[in-house]
1. In the range 104-139, which residue that is farther than 25 Å from E192 by Cα and charged (D, E, K, R) is surrounded by the fewest Cβ atoms within 10 Å (Cβ to Cβ)?
2. Which of the residues belonging to the range 74-95 are in contact with a Lys or Arg (Cβ under 8 Å, 6 or more places away or on another chain), farther than 22 Å from D294 by Cβ and buried (at least 22 other Cβ atoms within 10 Å of the Cβ)?
3. Which one of these is at pLDDT below 95 and in a strand (DSSP E or B): A142, A108, A158?
4. Restricting the search to the range 67-93, which residues are closer than 17 Å to N297 by Cα and either touching a strand residue (DSSP E or B) at 6+ places or on another chain (Cβ under 8 Å) or not charged (D, E, K, R) (or both)?
5. Is there any pair linking a residue in the range 47-76 that is without any contact (Cβ under 8 Å) to a residue 40 or more places away in the chain to one that is of a type in the set (V, I, T), with Cβ under 7 Å and at least six apart or on different chains, and which?
6. Just the residues that are of a type in the set (F, W, Y) and surrounded by fewer than 22 Cβ atoms within 10 Å (Cβ to Cβ), please, taken from the range 33-73.
7. Would you mind stating whether A233 is surrounded by fewer than 15 Cβ atoms within 10 Å (Cβ to Cβ) and at pLDDT below 70?
Amino acid sequence: MASFPSRACTLALTLLLVPAAARAQAADPKTMAAAQSLFEQAVAEMDSKNYASACPKLEQTTQMLPEALGAKETLARCYEAQGRLASAWAQYGLVEVLASRAGQAQRAAAAGRKAVALRPRLATLTVELPDAVRRLPGISIASDGLALGAAVWGTALAVDRGEHVIEARAPGYRPWSRKVVIGEDGAHARVEVPMLGAEEAAPPPAPVASAPGSAAPVTSTPAPGSPAPAPAAHPWQRPVGIAAVAAGAAGLGATGVLAALAVGKKNASNQEGHCDARNTCDEIGLGLRDQAADLGNGATAALVVGSVLAAGGLVLLVTAPSRQDGPENTGAVRWRIDVSPARVGLHAAW
């Protein structure tokens, strides 16, 4: 682990946290001050090999300044020094992708070499589900509290050394969990989820005894064939769902507009020699590149917010009771949302 002298913290933060494309629009001064303070403390603690305290501070720094590629690199080195190789490998990979997009080829190449060097040393954990378990309605699997979608069942996932907790749940079945300890780098652990046991039905309530001479308690029993009472409706659910879908659609529409404007600004920077093939720009080109970066960030934010609003509104709409549905039309509909690294899905079963 390289040394990070505390007297160089201010200069290091200036160079590491602000990419060239973002210099024209600095972060909020209060945020920058807080991030610099955390960064300086983390660097000093890394010099003292106190990685357990330094790494969380660097995590907070990268959350406060998402564009801080240098802070992400330092966090990756902290993870590596702490022995959390899977976390370091993932962080180096993130830096490689973001630096490449920012046109920082040297930084991207260095992070890529680090990730490649760590890959053979990673420990892995594979969660296997037999076919009978996979077919359980509503089955969900989590590793250390993080949901694992069906796409990664049976796949060897990189994990840090230490203790990991695997959990399985399904409606109507008893939950299951198991602890797995990864003791060394390069270990390959495998866990098979067994068939879950059915939950026991709750015993019927005991009859209420009546005192001698008192009237027996009166209970109301529905007549045979009569419909069960309908669940309470939520009159707000449908209009809120419609509004959320509309807002989400507007956000997705804005994404395309902002993305097109960003491309236009970048193309303009390449015209009339403002920027060359090595991304060296004059003052006009740099301004156009900064505008393109801002528009690209806005497009990303609009895409994320629009997608969340649209998905949430759709869930509210499809689960809202119909105004025309009577008790005789009420069915047992089960809804389930699956999340995996590749997709987000909504499933219904009747």
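1. Looking only at the range 104-139, we keep the residues that are farther than 25 Å from E192 by Cα, and these are 104-118.
When the remaining residues are screened for being charged (D, E, K, R), the result is 107, 113-114.
On the way: R107: 21, R113: 12, K114: 21.
My answer is R113.
2. Those that are in contact with a Lys or Arg (Cβ under 8 Å, 6 or more places away or on another chain), farther than 22 Å from D294 by Cβ and buried (at least 22 other Cβ atoms within 10 Å of the Cβ): A76, A88, W89, Q91, Y92.
3. Numbers: A142 fails: at pLDDT below 95; A108 fails: in a strand (DSSP E or B).
The unique qualifying residue is A158.
4. Step one: filter the range 67-93 for residues closer than 17 Å to N297 by Cα, giving 67-69.
Within the range 67-93, A68, L69 qualify.
5. Close Cβ pairs (under 7 Å, with a partner that is of a type in the set (V, I, T)) amount to L58/T74; M64/T31; K72/T62; K72/V95; L75/T62; A76/V95.
6. Y51
7. On the way: surrounded by fewer than 15 Cβ atoms within 10 Å (Cβ to Cβ): yes; at pLDDT below 70: yes.
So A233 passes the test.
The values are calculated or read from the model by the stated rules, or taken from the named source; none is laboratory data. Here the structure is a predicted model, which means the values were calculated and not measured. Positions of Cβ are generated from backbone atoms using ideal geometry, with glycine treated the same way; all protein chains shown enter the neighbour counts.
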